[in-house]
Amino acid sequence: MSIALAVKQLTKTYSNGKKALEGVDLTVPEGSFFALLGPNGAGKSTLINILADTVKPSAGEVSFLGHDLFTERKWCKQRLGVVPQEIAFDPFFAPRDILKIMSGMFGVKPDMKWIDELLERLELSEHAKKNARQLSGGMRRRLLVAQALVHKPKVVILDEPTAGVDVELRKRLWGFMRELNANGTTILLTTHYLEEAEELCDHVAIINQGKLLTSQSMKGLLDNVGSSSLVLEYAEPKTISDDIKNKLADFCPRTQENKVILSLKKCDGHTNFNDAYQAALACWGEAISVNIQDEDLEDVFLRITHENQS
Ligand SMILES: Nc1ncnc2c1ncn2[C@@H]1O[C@H](COP(=O)(O)OP(=O)(O)O)[C@@H](O)[C@H]1O
Ligand SMILES: [Mg+2]
């Protein structure tokens with residue numbers, strides 16, 4: 001397996017003392033479609049901004065296609081495309097011109113055929129000659145994606161590329177990403193849409209509070225974890241006291257609005273459904289409804305981040 005990105009012991013402490021990353025090790029295989037997941041404030045953007053060279057790490061190493069990302073910047077920049085979460089760009093040109101200029105900045109000759117294809121695929125053709133200032137937020141975000149792809153990078157990194165993009169367009173964007181990936185481009189993205197990460201990505205890493213919790217194949221993650229969870233709905237939200245947390249430690253109790261969710265484990269081929277149900281009854285009394293659902297990525301994500309909360 002060749003490796004697109006190897007992150008070693010990456011650490012970032014911001015000048016105000018905030019530790020955004022603490023010794024993160026991460027390996028992204030070449031050709032993978034890789035999801036980096038984590039709650040708000042987990043450190044995802046910090047990691048990506050370090051890869052994009054807009055944030056300096058406090059410690060650690062990153063190897064990009066076997067080259068040192070920090071000392072061989074130029075080599076890496078020509079083969080890497082990053083779409084940052086924050087929109088920061090020069091609004092004084094038309095999108096088509098911006099893409100031409102960006103090609104030069106990446107050190108490649110503008111490929112107008114590719115630029116027009118990008119404008120088309122990102123549904124910007126109609127706006128190609130407008131001043132970028134006239135573009136809506138969603139269009140600017142797509143233009144950022146086009147910018148990151150203009151030099152046909154081997155590795156593309158997207159930080160919440162579809163935040164605020166409507167469902168239909170989001171699907172088409174994903175379709176385009178899938179094609180790029182099928183043609184050999186490695187894609188690393190962060191997203192809040194866990195369902196889509198589950199559908200699209202073949203690898204997944206979860207970070208929380210600056211620490212890597214897990215990194216593995218999507219299939220491995222979904223196979224390895226408990227098979228289902230018990231969902232109990234109550235008339236009002238329940239709190240999980242430290243006492244209850246200890247009592248129900250086997251079930252990783254967590255809340256979601258008026259629901260309490262308990263993870264069920266298989267022991268000797270039997271699921272400990274009854275144990276979980278009785279324990280919940282003892283803590284919170286009768287529930288309005290009780291359901292068993294298969295764990296999907298969202299449950300896994302909630303459970304893993306919950307288990308690792310300090
Ligand atoms: N420039 C900065 N200065 C100080 N703290 C920051 C800065 N940028 C981000 N942080 C903090 O670092 C943590 C990680 O943020 P971020 O990487 O943006 O997380 P995510 O993208 O996962 O939501 C958060 O607590 C955030 O408030
Ligand atoms: Mg972010």
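Quick check: from the Cα gyration tensor, does the chain come out rounded (a/c under 1.5), prolate or oblate? Because a/c hits 1.5 or more and a/b exceeds b/c, the chain counts as prolate. Charges on Cβ only, +1 for Lys and Arg, -1 for Asp and Glu, centred on the Cα centroid of the chain; of THR191, THR239, GLN9, which one is farthest towards the dipole's positive end? With unit charges placed on the Cβ atoms, the residue in question is GLN9.
Just checking the listed ones, ALA279, ALA52, ALA146: in the Gaussian network model of the chain with Cα springs under 10 Å, the one fluctuating most is ALA279. Pairs to check: LYS19/LYS238; LYS44/LYS219; LYS8/LYS56; LYS44/LYS74; LYS12/LYS219. Give those whose C-alpha atoms are more than 20 Å from each other in this structure. Among LYS19/LYS238; LYS44/LYS219; LYS8/LYS56; LYS44/LYS74; LYS12/LYS219, the Cα-Cα distance tops 20 Å for LYS19/LYS238; LYS44/LYS219; LYS44/LYS74; LYS12/LYS219. Subtracting the Cα-Cα distance of ASP68 and ASP296 from 0.36 nm times their residue separation leaves 78.4 nm of extension gain. Taking Cα centre as origin and charging only the Cβ of basic (Lys, Arg, +1) and acidic (Asp, Glu, -1) residues, the dipole magnitude of the stretch 3-222 rounds to 580 debye.
Rounded to the nearest 0.05, what FRET efficiency do GLU120 and LYS56 have when you use their Cβ-Cβ distance and R0 = 35 Å? Efficiency at R0 = 35 Å is approximately 0.40. Put in order of Cβ neighbour count within 10 Å, fewest first, the listed residues TRP174, TRP75 become TRP75, TRP174. Cβ-to-Cβ counts within 10 Å put LEU65, LEU51 in ascending order as LEU65, LEU51, the fewest first. Fully extending the segment from SER136 to ASP250 would add 36.2 nm, taking 0.36 nm per residue of separation and subtracting the current Cα-Cα distance. Each Lys or Arg adds one and each Asp or Glu subtracts one; over the other residues with Cβ under 10 Å from the Cβ of LEU212, this totals -1. Can you give the FRET efficiency for GLN278 and GLU195, using 1/(1 + (r/R0)^6), R0 = 51 Å, r = Cβ-Cβ distance, to the nearest 0.05? Result of the calculation: an efficiency of 0.95. Using the Cβ-Cβ distance between LYS265 and GLN216 with R0 = 22 Å, the FRET efficiency computed as 1/(1 + (r/R0)^6) comes to roughly 0.70.
Every read-out reported here was derived from the displayed coordinates using simple, explicitly stated rules and does not represent laboratory data. Owing to the predicted nature of the structure, the values given are computational and were not obtained by experimental measurement. Quick reminder, even Gly has a Cβ in these numbers, built from the backbone with ideal geometry, and neighbours come from all protein chains shown.
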